[in-house]
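These notes are about the structure you will find just below.
The values are calculated or read from the model by the stated rules, or taken from the named source; none is laboratory data. All figures in this text were calculated on a predicted structure; none of them were measured in a lab. Counting neighbours? That spans all protein chains shown, and the Cβs are built from the backbone with ideal geometry, glycine included. Only protein heavy atoms, including side chains, enter the accessible area calculation; ligands, DNA and RNA are left aside. Shrake-Rupley method; radii C 1.70, N 1.55, O 1.52, S 1.80 Å.
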Amino acid sequence: ATTEIYTLSLHDALPIFLIGCSVNHGVRPLGKGKTAVNASVGGPTAQLFGAPVPLPISTVGVRHGISDRSDIHAAFHPSMALLFGVGGLDAGASYLIFDQDGARPAILVDGTVTAIFGDLSEGEPEGGFRLYGNVAALASWQYGQRGNLVYTGADLFIQPLPWQPIAGPLIGHQLRLGERVGLSTELKWMGGSTNTDPFTIRWYGIGQQGVLVPQIGLDVAFGGGQ
């Protein structure tokens, strides 16, 4: 019975913990030949010790500009190892469709595949391998001499087996702390069509619908110009 409960909780919790597991990759392209390291923390807001607390989901990764309009990126998920005893890696690419033109925002799309694998804990259940997908479409406006960004858009998280898409809007801001350093803050509202009242864990959304996902990230670029 203990094993069955543990298996069920792990199966149900992994997709929730992976929803919006990092701030969106890039918002704007780095530029050809530039590389950036990044880290982010934050996640779905749950009731812990009687208060709403964003779960400390973390990623550490790298991004590289393969052209002036497109980047590739990859990241490791330390929180997956600490919380679940499993490995977590993701990889993907982003592409700038339109540049900003006055009030018309720049439009960027991003696709990411996340792999969760292994099992570092002793006993049942045995380790396995699962894939998840994430697609984002972002509109961003640049302002100020340093090129700060305000952005909005939508995120779509996809669990393939069993099929379970979870979508939601987002808003964010990237503050340029220097020519090569950006501090991002982001808020998503994921799964707004789902009533979370029946869930064992209390998740905080809007009117008990979906879950709010606040996050913060740091990006440090190397190579090329600003």
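Take the conditions at pLDDT below 90, within 16 Å of P29 (Cα to Cα) and open to solvent by 50 Å² or more (accessible area, probe 1.4 Å) and apply them to R146. Does it pass? Against the criterion (at pLDDT below 90, within 16 Å of P29 (Cα to Cα) and open to solvent by 50 Å² or more (accessible area, probe 1.4 Å)), R146 qualifies.
State yes or no: is T194 modelled with pLDDT under 90, more than 13 Å from the chain's Cα centre (by Cα) and part of a strand (DSSP E or B)?
yes
Of everything in region 71-86 that is open to solvent by less than 20 Å² (accessible area, probe 1.4 Å) and not acidic (D, E), the residue that is nearest to K32 (Cα to Cα) is H73. Pairs linking a residue in region 144-166 that is touching a residue at least 12 places away in the same chain (Cβ under 8 Å) and at positive phi to a residue that is of a type in the set (K, R) and not in a strand (DSSP E or B), with Cβ atoms under 9 Å and 6 or more positions apart or on different chains, are G147/R28. Against the definition (open to solvent by 50 Å² or more (accessible area, probe 1.4 Å) and under 15 Å from the mean Cα position of the chain (by Cα)), how does L138 come out, yes or no? Here the answer is no, as L138 does not meet what is asked.
For D155, are the conditions met, namely being out of contact with any strand residue (DSSP E or B) (no Cβ under 6 Å at 6 or more places or on another chain) and either within 16 Å of P54 (Cβ to Cβ) or acidic (D, E) (or both)? So D155 fails the test.
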